[in-house]
Each structure stands twice: as structure tokens, then as C-alpha cells.
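Taking it in order: structure first as C-alpha cells, then the write-up.
The values are calculated or read from the model by the stated rules, or taken from the named source; none is laboratory data. Model, not experiment: these values are computed from the prediction. Methodologically, a virtual Cβ is constructed for each residue, glycine included, from the backbone with ideal geometry; neighbour enumeration extends over all protein chains shown.
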Amino acid sequence: MISKLIPGMANVNLAGKIVSKDDKRSVNTKYGKSQVCDAILRDDTGEIKLTLWGEQISKVREGDEVSISGAYITEFQGELQLNVPKKGLLEVGIKE
């Protein structure tokens, strides 16, 4: 599924594994200061950068299997990004 994603897609549902997770950082948004963190999500077809905001950051660890629904795709500096809005769902189920 990841290999078929393009910028502008909305209501994206997919599942995959978190293969890496960066440190969180503070950013200034139009809504004020917020925490953001980038992770890489992989499925059988490829990888995409998953942008985690606020409480989403602590929900996800490297190695977690996740299921995402209601997400949307953007492109920043030539790189696709998967974004889960407040109305979207990020579920974590760890496979050991």
C-alpha cells in the first residue's frame, strides 16, 4: 500500500511496522508551540515518513506494529509524509 501513496491522498488506511523513530523536537505552529517526531513506517511495499504530533509520540516505539486510519499524505522537500490528524486513528499492537 505504501508504494501506491501520492501527495494529496486523504482518508488513508494502512498498517505497518515502525522501523525507526527520531527524537522529538519543539516546533512553532500557527496553533502555538508543539512537539513533533518523525518515524519511518514500513510495509511489504515500501517505507514512508510518519509524522507524529503531541500524544502520538509517546504511543509509538521502534519495532511496533501499527494500524492507521483516516490519515493523509503530504510532500515536504520532495519526501512523502504520512500524517494522522486528530480525527484519525493510530493504534499500536506490538508483535514480539
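Filtering the range 83-96 down to residues that are loosely packed, with under 10 Cβ neighbours inside 10 Å and farther than 16 Å from Ser58 by Cα, which residue is modelled with the lowest pLDDT?
Glu96
If you take the residues of the range 48-82 that are more than 19 Å from Thr29 (Cα to Cα), among the hydrophobic types (A, V, I, L, M, F, W, C) and touching a Gly at 6+ places or on another chain (Cβ under 8 Å), which of them is surrounded by the most Cβ atoms within 10 Å (Cβ to Cβ)?
Ala71
I'm trying to understand the selection: among the residues of the range 54-74, which are in contact (Cβ under 8 Å) with a residue 40 or more places away in the chain and of a type in the set (Lys, Arg)?
If the condition is that a residue be in contact (Cβ under 8 Å) with a residue 40 or more places away in the chain and of a type in the set (Lys, Arg), then Arg61 is the only one that fits.
State the number of residues belonging to the range 22-42 that are surrounded by fewer than 10 Cβ atoms within 10 Å (Cβ to Cβ), farther than 24 Å from Ile2 by Cα and either among the charged types (D, E, K, R) or under 14 Å from the mean Cα position of the chain (by Cα) (or both).
Number satisfying all stated conditions: 2.
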